[in-house]
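Student: I have a structure here, written as structure tokens, and I will follow up with some questions on it.
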2 protein chains.
Amino acid sequence: MTTLKDLQIIIDEAVKKLSYPAHPADLYEPITYILSIGGKRLRPALVLMACDLFGGDVLSAVPPALAIEVFHNFTLMHDDIMDNAPLRRGRETVHQKWNPNVGILSGDAMLIEGYKLMMQVDNNILRPVLEIFNTTATAVCEGQQIDMQFEQQNDVHIDEYLEMIRLKTAVVLGGALEIGALIGGATGKDAELLYTFGEQLGIAFQLQDDILDVYGDPEKFGKQVGGDIMANKKTYLLIKALETADTESQNELNHWISLKEFDAAEKVAAVTAIYNKLQIRENAVKAMQTYADKSFKALESIDLPMERKQYLKEFAEGLLSRDK
Amino acid sequence: MTTLKDLQIIIDEAVKKLSYPAHPADLYEPITYILSIGGKRLRPALVLMACDLFGGDVLSAVPPALAIEVFHNFTLMHDDIMDNAPLRRGRETVHQKWNPNVGILSGDAMLIEGYKLMMQVDNNILRPVLEIFNTTATAVCEGQQIDMQFEQQNDVHIDEYLEMIRLKTAVVLGGALEIGALIGGATGKDAELLYTFGEQLGIAFQLQDDILDVYGDPEKFGKQVGGDIMANKKTYLLIKALETADTESQNELNHWISLKEFDAAEKVAAVTAIYNKLQIRENAVKAMQTYADKSFKALESIDLPMERKQYLKEFAEGLLSRDK
């Protein structure tokens, strides 16, 4: 069993070897640039892990793993334009460094490059692999659209939120694992179970992200703690708080949300205090555990000896107990 | 042999039957909207014609033909954002009717829908068909990037221009025909010859477009005659004129290009007069004929009796002698 660190090294080296034509520079340089910014390479690592799980040749899964990484970065490039974000992982976003048109067109080219990489699988699994990729890609677009709508929508229900994060985040983890499983020689049934493992894990992962944004250790958490609160981002915590609060807490929350100008630390402290009073953290952890359980149940059902699956289980547990 | 009009009816009906989920509405409604605006459906008709040419079942080529049409409209949706165009075929563009973010994301979803449709071919040609689609899609992105660069570039050479229109316009005609040929059961060699027919025809077609913009009959031409001149668009005519003009005409041309404010009719008349003096129209027609000849030569080389290919030849001749 190859370790996660080994897999991430394989991916990082493969990403560095991806080369694009020199011209037109404004089409291809942004692709190399955004891929060089890095990130955890979690999604492509899942492709390799899944392939490895079923005893497949990990190296044969590298191009489809890169496809998932290129696709993921395409969504970041376009999302950053839509969110008007100046920075991504501490570096200038593509539309900021170049301009929005370059971001749109380079992103388009990246999506196509994703397909080219994803097609580097054996003929006998070409169609099912691409079908999973198509479904995944469509889900991510739907999730992003719903997420953008939430900004204009006051009454987001918790079920809508969970469906949004399933589409925008979780489906890619599931898709990456299912594709890796097929490359590794899994049956369609086992590949689907691994999809469910990844999808449910992905929802749990996003809930953990929401929790960390408020309760993360500022020393360890990569982003600014309280960032979601400052931006009125509709996370599991805010939606749940608005849903379960008494009138007084609800008014207080809405007051903080409505303020155009505020002291950031004061707002974060006040909203966190409301969350504490309403035991939102405990509620979110419980929800996260429910999805983790569903995820582990799917993993257990896969027709492989449990010790073979232990590594993925520990990997998932590590993800969900992370503090950054 | 099915006539072009029959094929266009088949496509129009198939486009109308394309249905997308109701939610999220802002993701899918723009797709239905832009597809409903119409257009000549020339590109998908080429897929069907090519399939028909080799005796294939035209109906089996309908989904890939739709893929080409959906892809083409995806490029229009994103190009309109990049060009800041308020209207497309006399109707509001998507980013104008909704907003740019909707245009970006709906376009992304459309590109994926294009892949889904393109995959509806037999397994034995799935890989080659998708490879042609990938190559075509990448070329169009490159062509659009180069076209955008031309706006900032003063010294566009005629060869660069011809390469840009090959990438942005001609490759899709070639790709549509090559895919249709493979569906129709053509050999790889014949499919490639048909690609060349389409590619060279596409360059000739774009040159004809450039000519019509200046010399078209205002009664018949769909767009405003002289639109390219008003916008200082670097067409074959302008580039050739700047290249071949004596100092006096060059200065006069550059004077008109530099004016921020001008009487449109006066500018169109003045620039046209320079073109006339330099015999630019004759030059462009000759260039067009060169590409048409290359196109017809490729068609002739296809291993089918000439009478079977007559229909495509007449179709091409019709395109190149069009007045609108």
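The values are calculated or read from the model by the stated rules, or taken from the named source; none is laboratory data. Computed from a predicted model, the values in this text were never measured in an experiment. So basically every Cβ, Gly included, is an ideal-geometry build from the backbone, and we count neighbours across all protein chains shown. Each accessible area value is taken on the protein alone, full model and side chains, heavy atoms only, with ligands, DNA and RNA left out. Shrake-Rupley method; radii C 1.70, N 1.55, O 1.52, S 1.80 Å.
Student: Would you mind getting the accessible area per residue of the protein assembly as shown, heavy atoms of the protein chains only, 1.4 Å probe, in Å²?
Tutor: Per-residue value: 42 Å².
Student: Go through region A:219-277 and name the trypsin sites (Lys or Arg not before Pro) that are in a DSSP coil and have 16 or fewer other Cβ atoms within 10 Å of their Cβ.
Tutor: A:220, A:223, A:233, A:260
Student: Here's a follow-up. Quick one: net charge around residue B:138, please, counting Lys, Arg +1 and Asp, Glu -1 for every other residue with C-beta under 10 Å from its C-beta.
Tutor: Computed value for this residue: -2.
Student: Please name which of A:249, B:312, A:157 has its Cα lying farthest along the dipole of the protein assembly as shown towards the positive end, using unit charges on Cβ (Lys, Arg +1; Asp, Glu -1) and the Cα centre as origin.
Tutor: Most positive-ward Cα: B:312.
Student: Could you pull out the GluC sites (Glu not before Pro) across region B:212-313 that fall in loop regions by DSSP (anything but H, G, I, E, B) with no more than 16 other Cβ atoms inside 10 Å?
Tutor: Sparse-neighbourhood loop GluC sites (Glu not before Pro): B:219, B:261.
Student: Which parts of region B:142-167, residue by residue, lose 50 Å² or more of accessible area when the rest of the protein chains are there, as against the chain isolated (1.4 Å probe)?
Tutor: Residues shielded by partner chains are B:142, B:145.
Student: Using only Cα atoms, locate the centre of region A:64-125 and the centre of region A:141-185, then give the distance between them in Å, rounded to an integer.
Tutor: The distance from the Cα centre of region A:64-125 to that of region A:141-185 comes to 17 Å.
Student: Heavy-atom accessible area of residue B:97 with all protein chains present, probe 1.4 Å, nearest 10 Å²?
Tutor: Approximately 100 Å² for this residue.
Student: Also, quick follow-up: Return, for the Cα atoms of region A:1-130, the radius of gyration and Dmax in Å, separated by a comma.
Tutor: Expressed in Å, the Cα Rg and Dmax of region A:1-130 come to 15.1, 45.
Student: While we're looking at this one, here's another question. So which residues of region A:112-129 lose at least 20 Å² of accessible area, probe 1.4 Å, when you go from the chain by itself to every protein chain present?
Tutor: In region A:112-129, residues shielded by partner chains: A:112, A:115, A:116, A:119, A:123, A:126, A:127.
Student: To the nearest Å, what is the center-to-center distance of region B:25-57 and region A:231-260, using C-alpha atoms only?
Tutor: Region B:25-57 and region A:231-260 have Cα centres spaced 48 Å from each other.
Student: Anything over 20 Å Cα to Cα? Flag those among A:168/A:220; B:40/B:286; B:233/B:313; A:233/A:294; B:17/B:116; A:5/A:297, in the order listed.
Tutor: The answer is A:168/A:220; B:40/B:286; B:233/B:313; A:233/A:294; A:5/A:297.
Student: Give me the accessible area of residue A:256, 1.4 Å probe, in Å² rounded to the nearest 10.
Tutor: So the heavy atoms of residue A:256 present about 30 Å² to solvent.
Student: What number, in percent, do you get for the relative contact order of region A:187-324 if the mean sequence gap of Cα pairs under 8 Å and at least 6 apart is divided by its residue count?
Tutor: Working: 120 pairs, mean separation 59.0, N = 138.
With pairs under 8 Å counted, the relative contact order is 43 percent.
Student: For region A:1-186, which whole percent of the accessible surface, found with a 1.4 angstrom probe, sits on carbon and sulfur atoms?
Tutor: 48
Student: From the C-alpha coordinates alone, can you work out the Kirkwood hydrodynamic radius of the protein assembly as shown, in Å?
Tutor: So the Kirkwood estimate lands at 27.0 Å.
Student: Work out, step by step, the length gained on full extension between residue A:290 and residue A:60: first 0.36 nm times the residue separation, then minus their alpha carbon distance; give nm to one decimal.
Tutor: Length gained between residue A:290 and residue A:60: 79.3 nm.
Student: A further question follows. With a 10 Å radius around each residue's Cβ, average the other Cβ atoms per peptide and rank B:144-152, A:27-35, A:193-201, highest first.
Tutor: So the peptides B:144-152, A:27-35, A:193-201, ranked by packing, come out A:193-201, A:27-35, B:144-152.
Student: Cα gyration tensor of region A:187-324, axes a ≥ b ≥ c as square roots of the eigenvalues: rounded (a/c below 1.5), prolate (a/b > b/c) or oblate? Each step should come with its number before you reach the end.
Tutor: Numbers: a/c = 3.20, a/b = 2.32, b/c = 1.38.
Prolate.
Student: Now for a different question. Between residue B:25 and residue B:127, what is 0.36 nm times their sequence separation minus the Cα-Cα distance? Round to one decimal in nm.
Tutor: Stretched out fully, the residue B:25 to residue B:127 stretch lengthens by 33.4 nm.
Student: Right, another one. Using only protein heavy atoms and a 1.4 angstrom probe, determine the accessible area buried between A and B, summed over both sides, in Å² to the nearest 100.
Tutor: Accessible area lost upon association: around 3400 Å².
Student: Which percent of the Cα-Cα distances in chain A go past 25 Å? Mind dumping the intermediate values first?
Tutor: Values: 27749 of 52326 pairs.
The answer is 53 percent, as a whole percent.
Student: Tally up the carbon and sulfur contribution to the accessible surface of region A:209-324 as a whole percent, 1.4 Å probe, everything protein left in place.
Tutor: Within region A:209-324, the accessible surface is 49 percent carbon and sulfur.
Student: What is the sum of charges, Lys and Arg at +1 and Asp and Glu at -1, for the other residues whose Cβ falls under 14 Å from the Cβ of residue B:175? Intermediate results must be reported in sequence, preceding the final value.
Tutor: Details: positive: B:43, B:166, B:168; negative: B:69, B:131, B:142, B:178, B:192, B:199.
Overall, the nearby charge balance is -3.
Student: Also, I was wondering about something else. Starting from the Cα gyration tensor of region B:284-324, take the square roots of the eigenvalues, sort them a ≥ b ≥ c, and report rounded, prolate or oblate (rounded when a/c is under 1.5, otherwise prolate if a/b is larger than b/c, else oblate).
Tutor: Oblate, since a/c reaches 1.5 and b/c is not below a/b.
Student: Shifting gears a bit: Give the relative contact order (percent, whole number) for chain B; include only Cα pairs under 8 Å separated by 6+ residues.
Tutor: 17 percent.
Student: Counting only other residues whose beta carbon sits under 13 Å from that of residue A:186, what net charge do I get with K and R as +1, D and E as -1?
Tutor: Local charge sum for residue A:186: -2.
Student: Could you tell me the accessible area of residue B:157 in Å² (1.4 Å probe, neighbours in place), rounded to the nearest ten?
Tutor: 90
Student: Put A:136, A:290 in order of accessible area, largest first, 1.4 Å probe: what do you get?
Tutor: Numbers: A:136 5, A:290 65 Å².
I get A:290, A:136, largest accessible area first.
Student: May I ask you to report, in nm to one decimal and beginning with the shortest, the distances from residue B:257 to the same position in the other copies, taking label points 7 Å along Cα-to-Cβ?
Tutor: The answer, with the shortest distance listed first, is 5.6 nm.
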